[in-house]
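Q: So that we are looking at the same thing, I have put the structure below in structure tokens.
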Amino acid sequence: MFHNNSYLEDLKNPLNLQVLQIQGMFLIKWGISFICGSILALPIITYHTWKFVAPGLHLNERHIAFPLIFFTFFSFLGGIIFAYFVLIPISLDFFTSMGYSEIQNNYSINYYLSFITWLIIGCGCSFELPVLIFILARLDIATPSFLQHFRRHAIIGIMILSAIITPPDPISLFIMTIPLILIYEISIGIAYLAKPKSK
């Protein structure tokens, strides 16, 4: 999980992980199991959430349950893949390069897992924006014209969200902001498709 990661081996400055607590590895394995289980259970969680909401919708709106579950899972998975292969390697390379050759990069494995988890979950949730826009558009809350009118406000909000999710450096902020802006533009197109037909 950690030392076999290719991005750890490719870092210009080596990164050494240490267990600083007696129960450290137990907590690490428990945390990894919980995170993986939550990700795999996301379709089931989405399905039961939809079953709870569906009775309050019209009959012609209930047929979107399967596409909604499908895109919810794969949007979250896309965010995880983006974080794992793009954002995390660049962030680690940036932070480990800030030291000196005389100082070793020794980090607590618990802190490392917390760092990785925060980026992965944050990116996964951020990539759910098209799904959220789809739901709001079906409810006639987020219209395409509304999204276009508040595009500038959305970009500022995306930059703030990216600053919260990513480490405090401009490179990670830029890498996270650009995809989210593209996702927002895609969401406008999704809003056009999901907009209820006028009677």
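The values are calculated or read from the model by the stated rules, or taken from the named source; none is laboratory data. Just so it is clear, the structure is predicted and the values come from calculations on it, not from any experiment. Here the Cβ positions follow ideal geometry from the backbone for every residue, glycine too, while neighbour counts run over all protein chains shown.
Q: Those residues that are touching a helix residue (DSSP H, G or I) at 6+ places or on another chain (Cβ under 6 Å) and of a type outside the set (A, V, I, L, M), I need them from the stretch 167-194; list them, please.
A: Result: P167, D169, S172, T177, Y184, S187, Y192.
Q: Report, by residue number, each residue of the stretch 110-133 that is over 30 Å from I188 (Cα atoms) and buried (at least 19 other Cβ atoms within 10 Å of the Cβ).
A: N110, L113, I116 - these are the residues of the stretch 110-133 that are over 30 Å from I188 (Cα atoms) and buried (at least 19 other Cβ atoms within 10 Å of the Cβ).
Q: Counting only residues that are in contact (Cβ under 8 Å) with a residue 60 or more places away in the chain and farther than 16 Å from L182 by Cα, give me the helices (runs of 4 or more DSSP H) lying completely in the stretch 77-162 with at least 3 of them.
A: Counting at least 3 such residues, we get 88-96, 109-126.
Q: Which residue is surrounded by the most Cβ atoms within 10 Å (Cβ to Cβ), if the candidates are limited to the stretch 163-181 and must be touching a residue at least 12 places away in the same chain (Cβ under 8 Å) and among the aliphatic types (A, V, I, L, M)?
A: So, considering only residues that are touching a residue at least 12 places away in the same chain (Cβ under 8 Å) and among the aliphatic types (A, V, I, L, M), the one surrounded by the most Cβ atoms within 10 Å (Cβ to Cβ) is M176.
Q: What do you reckon, is H3 at negative phi, touching a strand residue (DSSP E or B) at 6+ places or on another chain (Cβ under 9 Å) and either surrounded by 14 or more Cβ atoms within 10 Å (Cβ to Cβ) or at pLDDT below 70 (or both)?
A: Yes, satisfied.
Q: Still on this structure, please answer the following. Out of I45, I32, I22, report the one residue that is at negative phi, at pLDDT 80 or above and not in a helix (DSSP H, G or I).
A: I22
Q: Hey, another quick one. Which residues, taken from the stretch 169-195, are part of a loop (DSSP other than H, G, I, E, B) and either farther than 19 Å from H149 by Cβ or modelled with pLDDT of 85 or more (or both)?
A: Passing the criteria: only D169.
Let's see how each residue does on (1) out of contact with any Cys (no Cβ under 7 Å at 6 or more places or on another chain); (2) of a type outside the set (D, E, K, R); (3) closer than 30 Å to G24 by Cα:
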site: L113; (1), (2), (3): yes, yes, yes
site: C125; (1), (2), (3): yes, yes, yes
site: T143; (1), (2), (3): yes, yes, no
site: R152; (1), (2), (3): yes, no, no
site: I156; (1), (2), (3): yes, yes, no
site: F174; (1), (2), (3): yes, yes, no
site: T177; (1), (2), (3): yes, yes, no
site: I190; (1), (2), (3): yes, yes, no
site: A194; (1), (2), (3): yes, yes, no
